[in-house]
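Asker: Sharing a structure here in structure tokens format.
The values are calculated or read from the model by the stated rules, or taken from the named source; none is laboratory data. Remember, predicted model here, so these are calculated numbers, not experimental data. With ideal geometry, Cβ positions are generated from the backbone for all residues, glycine too; neighbour counts draw on all protein chains shown.
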Amino acid sequence: MRLRTRIAVTFLALVSATLAAALGAVSIANRDNAEREVQRQLDVGARVFIRAMESNRRQLSQAAQAAAADYAVRQAVSQGDTDTLASVLENSRDRIGAAMAILTSLDGRVVADSGSDSLIGTDFQFPQLLRPGKATDSDAGVVVEHGHIYQLVAAAVRSPLPAAWIVMGFELDGRSTQELAQLTGLGITLSIESPAGWSDVVTTAGTAGRDAADLATRRLDLTGKAGNRVTATLSRSLAEARAPFERLTRVLFLIAFASLVVAAFAIFALARNITRPLRALAGAVDRIRSGTYDVAIPVQRHDELGLLAEGLQVMQSAVQSRDSAIRRLAYEDTLTGIMNRAAFTAALDASLTKVSRPIGVAVLNLHRFRRVNEHLGFGVGDAVLTRIAARLQADQDAGVTIARLAGDEFAAYTTLEDGAQLQPWGAALLARLSDPVVVDAQPIDISMTLGLCIAPADAATADELLRCAELSLERARRDKQPLLAYSPALQPTARDQLSLLGELQRAIDADELRLFFQPKIELATGRVAGAEVLLRWQHPVRGLLGPGQFLPFAEQTGFIRKITRWTIGQAAAQCAAWYRSGRPLQLAVNVSADDLADLQFDRRVARELLRQHLPANLLTLEITESGFIEDPEQALQLLTALAAIGVSLSIDDFGTGYSSLSHLARMPVHELKIDRSFVLGLERDPEYAAIVRAAIDMGHSLGMKVVAEGIETEAAEGALRALGCDIVQGYRYAKPMPLADLEAWLEGRARVPVLALPAATSPGDFADTAVFEAS
Amino acid sequence: MMRSMPFAAAAGMLCALLAALTAAAGTVNIVAKATTGAPAGDVVVVFDPLDATPPPSHPTAVVDQVNKTYVPHVSVVRTGTTISFPNSDRIHHQVYSFSAAKQFQLDLYAGSTNSHVLFDKPGLVVLGCNIHDRMLAFVVVVDTPYFTKTAATGSARLELPPGHYSLRSWHPDLTAAAPVQRITVGDGALDLPVVLDLSGSPDNLATWH
């Protein structure tokens, strides 16, 4: 229901209910009043009627007594002068307008009559009225004779003892009843009872013919001492009594109806006055919601609605300015002013639907940008990013759309004639961006890796294209290539990794990770120098997974830290078991670059050693060269701390990174592990032999043991032996194997003796640090 | 005044004794009572001699008018008695009678001059005043000189010559005429009890014989 209708209906209902209640109350009161009024009139009428009858009686009594007391009458009675008596009676009768006057003897015989002589000598019909010896001399009563009703009074004639009775009477006829009716204002019916029942003798006009249900009546018993019963029925028409009240009620109904009509108009007008501007405002709000911000608010008022309209106007411009700000934030990179990832995705999607030709997508990543920030400050870093963006901007004019995706990652796409142009376009892009950037007159070398893909061949949507390009970039960086175009071969691994995401967490909880051990052999003596701990994942569905299938992903997601902690914990426990059994064996655990970013890492290692009561030098941590390229200072600090604990440190994959030799010299490392790629090339490429020799010499000169891994052939072993390598590791000696196999393999083999340093005994030194439980 | 019955009886016996000693006459001591047992005053007791009729006489009597009341209320007189009706009130009175024994009227008057009426026929005469309806008196006129009226105590005493008498008694409140008795009076005293039903009223007056 609309507001206007609701307001109108509510108020009209209220007004109607109020009026109805008032009218109902008035109607009921009127009806009650009418009935009460009728009852009151009947009460009054009855009193008046009785009073009138009493008045008549008194008049009759006075006249009769006056006549009875007349000396002449006494004389006439004593003398039996009936003629005189008759004339006296006639005189008295006419004086008060009575209907009759007679004189009877004491025993009730009519002696004289004011009218005819017909009754003389007969017995008076109502001797009950004549009561000798009564205190008063006159008695009265209403009697019926021949269908006529009389009010009679008798008075004794004394001379001085009672000698005769004078009886006088009025007839209650139509005329006298009419007078009573006028006096009382009521209808009067006189009824008498006969053996045949009640019959009406006199009925006044206004009573006759009325419906009995309409009449309110009051019956008075007039019966005196003699004769038939006589009643007078006073009546009042209810309809007549109600008439004025009903007229009043009708007038009230008219007034109520008129008020209702007026109220209806007023309420509708008021409701419209409220709802019309509200609808206008609602319309304005609707247009603003749909993004139109130049809506003129059509309400000009000086009340609350006016305030609302003004507020809406202000809100509109506020929403507009915030909207554009949000748009800027949402689709624009605040530092460089070029598109961000969201805007780029939207633009690329738009182009994909519009353009039928192939679209090349490139994602590029600056190398070592973190170092620029750290060494030269964030201001310079930001300047570098801005310059790169500016260079890309130049391409934008040539139909290339560009964006900054994240910190040091940019993206570009353009329309190509065919797929063959992708590689040249990417190479050209790379070439243009690779010039040194000059910030504050200082040239800064930058290099970058580029990942490429092409639509619609590689993917159909912007998100997928970006992912493909990022996969290419990832692979290119890993393969140390400046540029790589996407191929579907990259994809499955990526899918596997993604699907592993949820399972990896479970792997540790469900104890699905397994430790494999690959022995290290002292080349000079053939004794066992230790073993490298390698991870396998006993996947419930996929079977046993090698580290290459899940560790890169763990490194990307940061999950590697948890895995490393778990591995160190397991390895330390195993190591401690051997140590306690008196056959110590050094175990080497791989530590990732991400682990080195953990500032608590050294303390965790120390706590674990304490927990297992394991001499620190029985644990070797192998750190990838690339692990400390990102932040050499922090890596150095951490390695120093680890060395202080007594843990052996080894540089893994030596030769593949770009670590500076000066850094290397300062690091408290005990061992160098030459990358397997050099060992594999050792046999066929003399240059590799030179590099390995240099590495071995350098390690030795820095006081390190040198380890070579990936030895498969006797030739390689020979070459390494010739170059002076200390320890070897590879399939030629043993594959990575489970613990049980290792135990068997170790059986009967000589071990390089280990000078076990005393185990730390006081956990208090590291009490503030969590160990390798989950953090 | 109230006297106790033993005293009255003693007084009666004393009188009878005295009468027996002094003359040849009988004494009748009348004690009148209502049927309720209450002493009845104003009872007229009349003795009609059956043996000899005494010679006529012309005595007088008085019926006074005091405080709009006739005093006495009941009188008994011998035929031929002249009754005077003095007016002791300061207002005027009228006196009338429509009784058959004596019909007369004395016009309105004051004082006691010339208000005499001769009652020359036996019978009951009812007196009234035309202007004071409540004034009422009874005069019983009899042909014998032997009659009396009881005092308020109901007693009366009468000396009678010995002989036979017919006895009548009357009172305004009699419901019916009392029966006539025959009595014989000797030389001695005679106690004569009279019991009457007085529950009536003058308005339905018992007829006088």
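Asker: Given the residues B:175, B:207, B:150, B:184, which is the only one that is at pLDDT below 85, among the β-branched types (Val, Ile, Thr) and over 15 Å from residue B:124 (Cα atoms)?
Answerer: B:175
Asker: Tally up the residues in segment B:107-126 that are more than 13 Å from chain A (Cβ to nearest Cβ) and over 15 Å from the mean Cα position of the chain (by Cα), please.
Answerer: Going through segment B:107-126 one residue at a time, the tally reaches 12.
Asker: Can you name the condition, by its number, that residue B:57 falls short on among (1) touching a residue at least 40 places away in the same chain (Cβ under 8 Å); (2) under 27 Å from residue B:201 (Cβ atoms); (3) under 19 Å from the mean Cα position of the chain (by Cα)?
Answerer: In the conditions (1) touching a residue at least 40 places away in the same chain (Cβ under 8 Å); (2) under 27 Å from residue B:201 (Cβ atoms); (3) under 19 Å from the mean Cα position of the chain (by Cα), residue B:57 misses (2) alone.
Asker: If you don't mind, there's one more thing I want to ask. Of the residues A:217, A:189, A:231, A:204, which is at pLDDT 85 or above and either surrounded by 18 or more Cβ atoms within 10 Å (Cβ to Cβ) or touching a Cys at 6+ places or on another chain (Cβ under 7 Å) (or both)?
Answerer: Going through A:217, A:189, A:231, A:204 in turn, just one is at pLDDT 85 or above and either surrounded by 18 or more Cβ atoms within 10 Å (Cβ to Cβ) or touching a Cys at 6+ places or on another chain (Cβ under 7 Å) (or both): A:189.
Asker: Quick one: what pairs do we get from segment B:127-147, first residue more than 13 Å from every other protein chain (Cβ to nearest Cβ), second part of a loop (DSSP other than H, G, I, E, B) and surrounded by fewer than 21 Cβ atoms within 10 Å (Cβ to Cβ), C-beta under 6 Å, 6+ apart or different chains?
Answerer: B:141/B:79; B:141/B:101; B:141/B:122; B:142/B:122; B:143/B:79; B:143/B:122; B:145/B:54
Asker: Which numbered condition in (1) of a type outside the set (Lys, Arg); (2) at pLDDT 90 or above; (3) under 25 Å from residue A:527 (Cβ atoms); (4) touching a helix residue (DSSP H, G or I) at 6+ places or on another chain (Cβ under 6 Å) is the only one that residue A:566 fails?
Answerer: It fails just one condition, (3).
Asker: Looking at B:177, B:137, B:189, which is the one that is touching a Gly at 6+ places or on another chain (Cβ under 9 Å) and over 24 Å from residue B:52 (Cβ atoms)?
Answerer: One residue alone meets the criteria, B:137.
Asker: Which of the strands (runs of 3 or more DSSP E) contained wholly in segment A:533-634 include at least 1 residues that are farther than 27 Å from residue A:661 by Cα and touching a His at 6+ places or on another chain (Cβ under 9 Å)?
Answerer: So the answer is A:543-545.
Asker: Still on this structure: Could you tell me which residue of segment A:41-79 is nearest to residue A:184 (Cα to Cα), considering only residues that are loosely packed, with under 15 Cβ neighbours inside 10 Å and touching a residue at least 12 places away in the same chain (Cβ under 8 Å)?
Answerer: Across segment A:41-79, the extreme among qualifying residues is A:44.
Asker: Away from chain B (no Cβ under 14 Å), within 27 Å of residue B:95 (Cα to Cα) and touching a residue at least 60 places away in the same chain (Cβ under 8 Å) - does that describe any residue in segment A:112-130?
Answerer: No: zero hits.
Asker: Output yes when any residue across segment A:353-362 is out of contact with any strand residue (DSSP E or B) (no Cβ under 7 Å at 6 or more places or on another chain), more than 25 Å from residue A:490 (Cα to Cα) and in a helix (DSSP H, G or I), and no when none is.
Answerer: Among the residues of segment A:353-362, at least one is out of contact with any strand residue (DSSP E or B) (no Cβ under 7 Å at 6 or more places or on another chain), more than 25 Å from residue A:490 (Cα to Cα) and in a helix (DSSP H, G or I), which makes the answer yes.
Asker: Does any residue of segment A:597-609 turn out to be touching a Lys or Arg at 6+ places or on another chain (Cβ under 7 Å), among the basic types (Lys, Arg) and in the same structural domain as residue A:736 (by TED's automatic domain parsing)?
Answerer: yes
Condition check ((1) part of a strand (DSSP E or B); (2) over 25 Å from residue B:98 (Cα atoms)) across all residues:
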site: A:116; (1), (2): no, yes
site: A:142; (1), (2): yes, yes
site: A:160; (1), (2): no, no
site: A:182; (1), (2): no, yes
site: A:191; (1), (2): yes, yes
site: A:198; (1), (2): yes, yes
site: A:201; (1), (2): yes, yes
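Asker: Right, residue A:299: touching a helix residue (DSSP H, G or I) at 6+ places or on another chain (Cβ under 9 Å) and modelled with pLDDT of 85 or more or not?
Answerer: Answer is no for this residue.
Asker: Could I ask something else about it? Tell me the residue from A:149, A:96, A:102 that is surrounded by fewer than 22 Cβ atoms within 10 Å (Cβ to Cβ), over 60 Å from the mean Cα position of the chain (by Cα) and in the same structural domain as residue A:56 (by TED's automatic domain parsing), please.
Answerer: A:96
Asker: Only one of these is outside any loop (DSSP other than H, G, I, E, B), surrounded by fewer than 18 Cβ atoms within 10 Å (Cβ to Cβ) and over 49 Å from the mean Cα position of the chain (by Cα): A:347, A:420, A:390, A:342. Name it.
Answerer: It is A:420.
Asker: For residue B:183, are the conditions met, namely being surrounded by fewer than 17 Cβ atoms within 10 Å (Cβ to Cβ), within 14 Å of another protein chain (Cβ to nearest Cβ) and either β-branched (Val, Ile, Thr) or on the phi < 0 side of the Ramachandran plot (or both)?
Answerer: It is false that residue B:183 is surrounded by fewer than 17 Cβ atoms within 10 Å (Cβ to Cβ), within 14 Å of another protein chain (Cβ to nearest Cβ) and either β-branched (Val, Ile, Thr) or on the phi < 0 side of the Ramachandran plot (or both).
Asker: Out of B:118, B:124, report the one residue that is farther than 26 Å from residue A:157 by Cβ and modelled with pLDDT of 90 or more.
Answerer: B:118
Asker: Return the residues of segment A:162-180 that are of a type in the set (A, V, I, L, M), more than 14 Å from chain B (Cβ to nearest Cβ) and either part of a strand (DSSP E or B) or more than 13 Å from residue A:148 (Cα to Cα) (or both); say none if nothing qualifies.
Answerer: Correct list: A:166, A:167, A:168, A:180.
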